[in-house]
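S.K.: There's a structure below that I have some questions on.
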Ligand SMILES: Nc1nc2c(ncn2[C@@H]2O[C@H](COP(=O)(O)OP(=O)(O)OP(=O)(O)O)[C@@H](O)[C@H]2O)c(=O)[nH]1
Ligand SMILES: [Mg+2]
């Protein structure tokens, strides 16, 4: 399966307004080349100062076509978005959400900027919930508990994950997989964000995960995932911080869920500061992988079975 390049993979692009969003239709100019037919002596159309693209005309409603609109799933989809001071990035993220998403849950991490009002402004139907406890792990667990869709997709709010890839994740859920994770390390995927240190750390932790869990995954510390909500109990999530992504994968492997990886392109965060501390959070991921390895602690499913 190949991944289509996002329309605005370049961080400086104009909020994903590309030729597929309906702006390439009639735009007030007469000719097909955007001019009214006047030409200079060598036959080229005349250029004028007013020819510059001044952006979308606010008086003209923007056609609401988005990436993934053609893909239909019969299942309801909740999108969980943890956000801490992401007011400047939310408009881009929300604008790209495909129509196959039924509800968007923003989990606010006590943001000191306008994250929540901005989210409500961009998407009046957004469900905003305050997280219980600090950290991305607590935020995601709060969001998962609030979700009502049959499928749950999680995505960051900093613009580093293109929502247009969501249909690829749903495709695998629709075709029998239980847990689908994005991978930056398979054909069609990549990262424009990973530093050398983070890349080495991710590779080392991935090696540990594959050894301990007898798996052949290609990426680990990447939080673009989707899963069936009915497996929330099996995932048995307890993490509070960034190690939650590793815990999800560890428990999915341990519980025998059918896991698929889809190529994903990680973009640079659009603006603002990272909340990740590579060394400290890397240590937490390693501790999680070790303590949760098969046989080290009874899984939730096994515990429930024993209690019967
Ligand atoms: N609600 C909530 N969201 C958080 C918290 N910590 C991080 N996030 C969000 O989780 C997502 C990932 O966090 P980032 O800070 O981007 O971490 P990262 O992607 O590893 O770091 P960069 O690559 O530098 O962006 C972003 O949407 C953050 O806003 C938190 O404590 N609460
Ligand atoms: Mg990020």
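Laboratory data are not the source of any read-out in this text; all were calculated from the coordinates shown. Keep in mind it's a predicted model, so treat the numbers as computed, not measured. In this analysis, Cβ positions are derived from the backbone assuming ideal geometry, glycine residues included, and neighbour counts consider all displayed protein chains.
S.K.: Arranged from highest to lowest average of other beta-carbon atoms within 10 Å per residue, in what order do the peptides 77-86, 272-281, 235-244 appear?
M.R.: 77-86, 235-244, 272-281
S.K.: On to the next question. For labels at residue 203 and residue 121 in the simple 7 Å Cα→Cβ model, what's the distance in nm?
M.R.: Computed distance between label sites residue 203 and residue 121 equals 4.3 nm.
S.K.: At 7 Å along Cα-to-Cβ for each site, give me the label-to-label distance between residue 277 and residue 290 in nm.
M.R.: A separation of 1.9 nm, rounded to one decimal place.
S.K.: Also, quick follow-up: Grab the beta carbon distance between residue 146 and residue 88, set R0 = 35 Å, and tell me the FRET efficiency rounded to 0.05.
M.R.: 0.90
S.K.: Here's something else I'd like to know. What ranking do 267, 140 get, fewest neighbouring Cβ atoms within 10 angstrom at the top?
M.R.: So the residues, fewest neighbours to most, are 267, 140.
S.K.: OK, next. On a C-alpha basis, how far is the centre of region 161-223 from the centre of region 111-157 in Å? Whole number, if you could?
M.R.: Measuring centre to centre over Cα atoms gives 22 Å.
S.K.: What number in nm² do you get for region 150-293 if you take the convex hull of its Cα atoms and divide its surface by four?
M.R.: Computing the convex hull of the Cα atoms and averaging its projections yields 8.1 nm².
S.K.: How do the peptides 250-260, 213-223, 97-107 rank, highest first, by the average count of neighbouring beta carbon atoms within 10 Å per residue?
M.R.: 97-107, 250-260, 213-223
S.K.: Taking the number of other C-beta atoms within 10 Å as the exposure measure, put 166, 186 in order starting with the fewest.
M.R.: Neighbour counts put them in this order, fewest first: 186, 166.
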